[in-house]
Amino acid sequence: MQPTPIGVPGELYISGDGVGIGYINNTNLTSKTFVDNPFVNNTIMYKTGDFCKFLNNGEIYYLERIDNQVKIRGLRIELEEIESKILKFPNILKAKVIKQTIDNREFISAYFVASKRIKRSVLRKYLSESLPNYMIPSYFTALDEFKYTPNGKIDKKSLPIPSDILNVNKEKYVAPKTELEIKLVSIWETILNTKPVGINDNFFELGGDSVLAMNLNIELLKISKNIQYADIFNFPTISDLIKKMESDEQKINYNTLKETTSQCTSILEKNNIIISKIKHVPSKNILLTGVTGFLGAHILDSFIKNEKGNVYCIIRNEPGITAQTKLYQKLNYYFGKQYDKLIGKRIFAITGDICSPGFGLSQDDLLSLANSINIVINSAAKVDHYGSYTDFYNVNTKSVKHMIDFCTSFNKKFYQISTLSVSGNSFDSSSIKQTFENQAYFRENNLYIKQSLENVYTRSKFEAECCVLDAINNGLDAYILRMGNLMPRFKDGMFQENILDNAYINRIISLIKIGCIPDYIKDIYLEFTPIDSAAYAVMKIITHPTENNRIFHLFNHNHVFLEQCFNLFKKSNYFIKIVSEQDFINAVNLFLNNKKKKETLNVLVNDFDKDLHLLYNTDIIIKSEFTIDYLNKLGFRWPKIGKSYLKNFVEVLRRVL
């Protein structure tokens, strides 16, 4: 309320005969914005909420809205600038960023409307490239549409409280006391950009996600070598983490696990690796889940090309995008517009939720679906490898139980797409490696061979297999297809849309950026199972069933050794040296202590033991002699990975390096 000199910013007030007397039927807003004029008696001024300044020529220069410039913990934050950056992110149509205060905690929340599903972690990473950490929103919420006030502005009062906040533990704030608690609180407050943080506050309920958890894991590595990335999800409070640091407790009771899997042994014994007479059985119409995933889309492609039936796809609606739009977008990305004319004719999008009984469909719709299909293929999965086990259980295990109920009730054949990581052998060493006295073989008729199942993804897929095997014992006509490491298409090198979601790729990229590998892993192999070959193999198995064998291993056994692959990378100017273990440890420590480079280790940090030794060697050997022989008799052979394919693979890496 004091006049400003020329060039000094302030709030713009307007007075004079052109100013009205208020807002119709809105006394609260009128009293706030139509105020007494201290410069001319008995007149009013309009409080615009605009931040402006006078120019030398007398003109008024608009800067921004007052309510879009806020302070959080003393830092000035431009909300419009954040909105502008968010709107530049692909497929985001509208955005609104606001400051919120709950329980004396100040933070920024971003709301957006998008034409396509947006991963919060990817959006956060995108913003971090151009905004300081304190301007990155703590919460991101996708909406179908914004509500507007009568004057055409987004109604901020109608914006929902972020769902993560609604789940916040209501315990009272507990301040840190010990030196370790104080240190961890400081780390959390820096990473989460929020204060105050108590020792019982949940990392993810304060706005943390998988990317921020990686940053936290890097910092924790400097304090304790007893914490792995997955532990952040299992012990999401500071007090829980400290207890974990002081304990070596196993999270899985393997004695109980052995008892649980014993019920499946009878069907495994029947899986006697004998090839019976093979007959072609047309698949007719299928129900396919996970069609918007990398494998699911290519199973659809292989089905349409090789079969004459229809494919029904259960797809979950998301804010701002319908199930059918999601299907169009995904098929367009991988195959162009060749399937556009078939949607609604041979390809049908069904809005549903596989995590709900009856897929969340009405009774009439469920019966109609049951009368339309013969086979259910489940390729849906949560594949992040880290997170809350409850989330993985719901998507990877509970949903399978619902599908089994459906197939049992309506007498449908069921194919469960599983993963070979249930064996315990994986380039992703996020689970603790088991040590065997001798090499252990994991064949099609194996289930539990005392492998580690600490990884939440692996464990949920393992438990899903138990459910399927139990259902087979009870008479369900079902099969398990354990997939290998799904890589770019063999014919043209096309890879999954969200490349950086692939942990396998991220590990290779991290090793390339470090510039060296320890000599003790140079002889491990890299598995490349081209997605188009894998999808075709799936269809071969589905259309040539055998009652004697219920489990198949679908992976390309034509391996490429790590040293051989990295030698090819050198020709593309990606130089990776083979060094001693100590030299590798020294290189890793240089990255750990460099603020700009330490993020390179995010995806690798959980692959180290306490001595920074990479846990990529395993005593578990995956075998697939039966599956290879079976597919050979069907005229299918896995492709050999040569220079041409690896060159395409290097081009995939180049897109993200």
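Any read-out appearing in this document is the output of simple, stated calculations on the displayed coordinates, not a laboratory observation. For clarity, every value in this text was computed on a predicted model and none was experimentally measured. A quick note on method: Cβ atoms are made from the backbone with ideal geometry, for glycine too, and the neighbour counts reach across all protein chains shown.
Of note:
- Values [x] 28.7, 101; [y] 29.1, 110; [z] 33.5, 110 are given for comparison; Rg and Dmax of the Cα atoms in Å, derived from the coordinates here, is the one labelled [x].
- Taking each residue as 0.36 nm, the span from residue 280 to residue 21 lengthens on full extension beyond its C-alpha to C-alpha distance by 85.0 nm.
- For residue 540, the aspartates and glutamates whose Cα falls under 14 Å of its own Cα, not counting residues fewer than eight places away in the same chain, are 301, 307, 532, 629.
- Note on residue 147 and residue 337: their simple-model spin labels are 3.9 nm apart, each label 7 Å out from Cα toward Cβ.
- Fully extending the segment from residue 174 to residue 322, taken as 0.36 nm per residue of separation minus the present Cα-Cα distance, adds 48.9 nm.
- Here's the list of lysines a cross-link from residue 157 could span, going by alpha-carbon distance under 21 Å and ignoring same-chain residues fewer than 8 apart: 32, 47, 71, 94, 96, 99, 147.
- Expressed as a fraction of 2.2 N^0.38 Å, the value expected for a compact globular protein of N residues, the C-alpha radius of gyration of region 375-418 is 1.24.
- Couplings 3J(HN,Hα) for region 21-35, derived from phi with the Karplus relation 6.51 cos²θ - 1.76 cosθ + 1.60 (θ = phi - 60°), are 10, x, 8, 5, 6, 9, 5, 5, 5, 4, 5, 7, 10, 9, 10 Hz, where x marks Gly and Pro.
- Cut-off 16 Å, label 7 Å out along Cα→Cβ of residue 568, residues of region 457-501 by amide N: 485-495
- For region 315-361, the list of trypsin sites (Lys or Arg not before Pro) that fall in a loop by DSSP and count at most 11 other C-beta atoms within 10 angstrom reads 337, 345.
- Counting only residues at least eight positions apart within a chain, or on another chain, the aspartates and glutamates with an alpha carbon under 18 Å from that of residue 596 are 129, 219.
- Selected from 192, 102, 293, residue furthest toward positive end of dipole (the chain; charges at beta carbon): 293
- Listed residue (3, 218, 539) projecting farthest to the positive dipole end of the chain, Cβ model: 539
- Modelled FRET efficiency - R0 30 Å, residue 305 with residue 94, Cβ distances, 0.05 increments: 0.15
- Inter-site label distance for residue 589 and residue 11 at 7 Å from Cα along Cβ, in nm: 5.7 nm
- Within the chain, helix-based [θ] at 222 nm, where runs of 4 or more DSSP H residues each add -39,500 (n - 2.57), nearest 500: -9500 deg cm²/dmol
- Checking the Cα-Cα distances for 195/398; 119/598; 450/633 against a 28 Å cut-off, the pairs over it are 195/398; 450/633.
- Centre-to-centre separation between the Cα atoms of region 501-529 and those of region 592-635: 8 Å.
- With Cα atoms defining each centre, region 346-382 and region 190-219 are spaced 38 Å apart in the structure.
- Cα centroid of region 5-26 to Cα centroid of region 275-304, whole Å: 67 Å
- Protection-proxy order for peptides 531-540, 51-60, 636-645, each taking the mean of Cβ atoms within 10 Å per residue, highest first: 531-540, 636-645, 51-60
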